[in-house]
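The values are calculated or read from the model by the stated rules, or taken from the named source; none is laboratory data. The model shown is predicted, which means the values in this text are computed figures rather than measured ones. Here Cβ is always computed from backbone atoms with ideal geometry, including for glycine, and neighbour counts include all displayed protein chains.
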Amino acid sequence: MTVQLVGLALLMAAVTYPFRALPLFAPTKDRLPAIVQRYLRLVGPAILAALAAGNTAFAEDAAGHNVFHVGIEWIAVALAVALIAWRGNVFFGIVAAVVMVAVGRAVMGA
Amino acid sequence: MTDPSATPIPDITAARRDLVLAALGFAVSGAGFGLVYGLAAREAGFSIIEATSMSVFVLAGAAQFAAVGLVAHGAGWPAIVVLTALLNARHLLYSAAMAPWLGGRSRLERAAMAHVLTDETFALSLAHFQRIGRADVVGFWLAAGFDSISWPVFTALGVIGGQLIPDPAQLGLDVVFPAAMGGLAVKLATDRPAIAAAIAGAALAVVGGILVGPAVSIVVGGFLAPIAGLLIERKGEPAR
């Protein structure tokens, strides 16, 4: 059994960990300027919305390239977001989105 | 830390139960993609130790899938490491946003928390903290546990027998991630500046994705979109 690629995994971890760790060791909230505190409060909704949109609007083509794509995933994600905003239950929204996509693909693929 | 803009709820057990339910959704999706990742890694020539160690040490699905593809095509390690850094740069934002909440924890605990600060852990924890109005270490580790345990376990299972399972996309599991991220963004968007930041983040991710590719545009969206929220906030302030 080969283990050479464990070295690659460690190198990948070595460049990932500082991104995850460094700000956690930076000055705490009380020492940050007010504008930075307000900016950081807005990072959460901004990056999560960006991740949601980026992972909905782009799909891999046959060659493995990410290409802009419009499909049932847009409706499913919108449905999940609406349900979560309405009921406050993330799990419920996820299940609704998965069912919609699975059924949609089954119908369209049939 | 407490956040005065949050609406505290008295029952932390109920908040943790909701957190676990949401984490379960991620875990089901992660299990499916862990199996696929394990299978892809095996086909690229990874042994079970190599594939699983990547899931333990890197703990970042997109970067790992990219690495497997590049290894399969004979790319050199430096190129893979640089791509990993680019793909995982967004974690800097997660860490910065979590720092005010976790600043009071010991250095050792923060060091451990940093390792498991994935997309899923960040999204679940931040929404949970804002909901209860304070940091909750138990909630953080609950969120992190599902992800950081299920991903390596299902990677190993994927190496062993991933060819036996159907494509997770066929089951609609690929929509779990964007649906949950969108839903958690909505839960965090409790006022006009946060709503503006979320809308700007989504718009920048799509427009930037078309222009420069989604990996870069998500990071750019995360960095720049909060400025839209700050501008809205400033507009709403009374004139002096």
*The one condition in (1) more than 27 Å from B:Leu24 (Cα to Cα); (2) at the interface with chain A (Cβ under 7 Å from one of its Cβ atoms); (3) modelled with pLDDT of 90 or more that B:Gly221 fails to fulfil*: (3)
*If a residue has to be farther than 16 Å from B:Ala23 by Cβ and crowded, with 17+ Cβ neighbours inside 10 Å to count, how many in the stretch A:81-95 make the cut?*
2
_Given (1) more than 21 Å from B:Gly209 (Cα to Cα); (2) more than 7 Å from chain B (Cβ to nearest Cβ); (3) not aromatic (Phe, Trp, Tyr), identify the lone condition not met by A:Arg38._
(2)
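What are the residues in the stretch A:96-105 that are surrounded by fewer than 14 Cβ atoms within 10 Å (Cβ to Cβ) and either at the interface with another protein chain (Cβ under 7 Å from one of its Cβ atoms) or modelled with pLDDT under 90 (or both), if any?
Just the residues of the stretch A:96-105 that are surrounded by fewer than 14 Cβ atoms within 10 Å (Cβ to Cβ), to begin with: A:103.
Listed by number, the list is empty, since nothing qualifies.
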*Could you identify the single residue in A:Ala46, A:Ala21, A:Ala50 that is within 13 Å of B:Ala99 (Cα to Cα) and either facing chain B (nearest Cβ under 7 Å) or touching a residue at least 12 places away in the same chain (Cβ under 8 Å) (or both)?*
A:Ala21
*Starting from the stretch B:111-131, take each residue that is of a type in the set (Ser, Thr, Tyr) and list its partners that are surrounded by 24 or more Cβ atoms within 10 Å (Cβ to Cβ) and not in a helix (DSSP H, G or I), counting only C-beta distances under 8 angstrom and pairs at least six apart or across chains.*
B:Thr118/B:Leu59; B:Thr118/B:Ala60
_Residue count, the stretch B:204-232 (criterion: within 19 Å of the chain's Cα centre (by Cα) and not hydroxyl-bearing (Ser, Thr, Tyr))_ = 17
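Filter the stretch B:186-202 down to the residues that are within 22 Å of B:Gly236 (Cα to Cα) and of a type in the set (Gly, Ala, Ser) and list them by number.
Initial filter on the stretch B:186-202 (within 22 Å of B:Gly236 (Cα to Cα)): B:186-201.
Residues satisfying the conditions are B:Ala189, B:Ala194, B:Ala196, B:Ala197, B:Ala198, B:Ala200, B:Gly201.
Identify all residues within the stretch A:97-110 that are within 24 Å of B:Lys187 (Cβ to Cβ) and more than 18 Å from the chain's Cα centre (by Cα); write none if there are none.
Within the stretch A:97-110, the first condition is being within 24 Å of B:Lys187 (Cβ to Cβ), and the residues that meet it are A:97-101.
Result: A:Val99, A:Met100.
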